[in-house]
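The values are calculated or read from the model by the stated rules, or taken from the named source; none is laboratory data. Quick caveat: nothing in here was measured; it's all calculated off a predicted structure. Neighbour counts are summed over all protein chains in view; Cβ atoms, including those assigned to glycine, are modelled from backbone coordinates with ideal geometry.
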Amino acid sequence: MIEVIVNGIRTEISSEMNVKEIIKELKYKQKGFALALNGTFVAVSTYDTTIIYDNDSIEILAPVQGG
Amino acid sequence: MTKHLEQTTDTWEIGGKILTSRLLIGSALYPSPANMEDAIKESEAQIVTVALRRQAAGENAGGNFWNIIKALNIHVLPNTAGCHSAKEAITTAQMAREVFGTNWIKLEVIGDQYNLQPDPFETVKAAEVLIKEGFEVFPYTTDDLVVAKRLADVGCKVIMPWGSMIGSGKGLMNPDNLVAIRKQFPELKLIVDAGIGKPSHATQAMELGYDGVLLNSAIALAQDPVKMANAFKYAVEAGRLGYESGTMQAREFASPSTPTIGTPFWHQFK
């Protein structure tokens, strides 16, 4: 097990894995959001090749009302 | 009503799009999603601002909101609200581009938590990077002429000075500063963003020659947001017509409008 921070909350995941896999493990839907890893945007096209390591910080953002 | 609209419809360009409405509307703070939808429709705005926030696993609240906005079939302007550095704003803009499918970004980098005043240094820094990455940047800034100049220098085609603090409803704090920016940058698209509280504030901004106004709270927090959206639609239109018509010069003395020749009960006393 490793620990990552997902939207500010410390979360255990089974192992190091790519972004596509962590989305599935965390039970997120497959679209409708964007993701940043350690403050840097991760494009959907790179989900397969971007690896999440211990203590990484992930932001998963979706559309909301705004002014 | 039809005659009125035919007389006043004009078109303008912003961010590569041709529009007829000069009112940009926010999507937050409405009593309900249905009320938001009705108010946006009533305003006839063609640009609506949206945002990104953290989503929990399994949630689809964002999807429901986004479906309502998409169905309106108007242009979406995502913001970077809540960002406090150029880096945060750049990342948020990149995320917004992917989610919303637009290269437009309302760039907000806040420098003070109390009055939500934009940080000019970080805003300019972020604008420069985002423009190089192909974004159409709509920067929210103060009414400072030099900051506007720096934003123009890095390639911003649109600048959005505040009227007053976000959500304050105080109207235009420094009309003279807004006029100075207008005069200095006749080629840029200028939008008064933030601080508008009443339709008359929007009219005033348009009379100064601004290309549009962006507001949210003034409509969403009205007792009847849908009716207020209608009021703002006409306020913006009236202000634009006033500007195009050329207002009279103010005078320091009274001047009767009714002819003085033939004034009744006038006597020439000897």
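Before moving on, here are some points about what is shown:
- Hits in the stretch B:69-95 - residues which are within 20 Å of B:Leu23 (Cβ to Cβ), more than 10 Å from chain A (Cβ to nearest Cβ) and hydrophobic (A, V, I, L, M, F, W, C): B:Ala71, B:Leu72, B:Ile74
- Test: residue in the stretch A:12-28 that is more than 7 Å from chain B (Cβ to nearest Cβ), over 24 Å from B:Asn64 (Cα atoms), assigned to a strand (DSSP E or B) and not hydrophobic (A, V, I, L, M, F, W, C): yes
- Within the stretch B:156-178, residues that are in contact (Cβ under 8 Å) with a residue 24 or more places away in the chain reach partners that are of a type in the set (Asp, Glu) and not in a loop (DSSP other than H, G, I, E, B) with beta carbons closer than 7 Å, at six or more positions or on different chains, in the pairs B:Met160/B:Asp193; B:Trp162/B:Asp193.
- Residue in the stretch B:68-82 that is buried (at least 19 other Cβ atoms within 10 Å of the Cβ), among the hydroxyl-bearing types (Ser, Thr, Tyr), more than 22 Å from the chain's Cα centre (by Cα) and at pLDDT 95 or above present: no
- Flag for A:Lys31 being away from chain B (no Cβ under 13 Å), under 23 Å from B:Ala96 (Cβ atoms) and outside any strand (DSSP E or B): no
- The stretch B:193-228, residues that are within 14 Å of chain A (Cβ to nearest Cβ) and among the aliphatic types (A, V, I, L, M): B:Ala194, B:Ile196, B:Val213, B:Leu214, B:Leu215, B:Ala218, B:Ile219, B:Ala220, B:Leu221
- For the residues B:Ile159, B:Ile131, B:Ile105, the requirement of being assigned to a helix (DSSP H, G or I) and either touching a strand residue (DSSP E or B) at 6+ places or on another chain (Cβ under 7 Å) or of a type in the set (Phe, Trp, Tyr) (or both) singles out B:Ile131.
- The set of residues in the stretch A:40-67 being within 11 Å of another protein chain (Cβ to nearest Cβ) and either in contact (Cβ under 8 Å) with a residue 60 or more places away in the chain or aliphatic (A, V, I, L, M) (or both) consists of A:Val42, A:Ala43, A:Val44, A:Ile58, A:Ile60, A:Leu61, A:Ala62, A:Val64.
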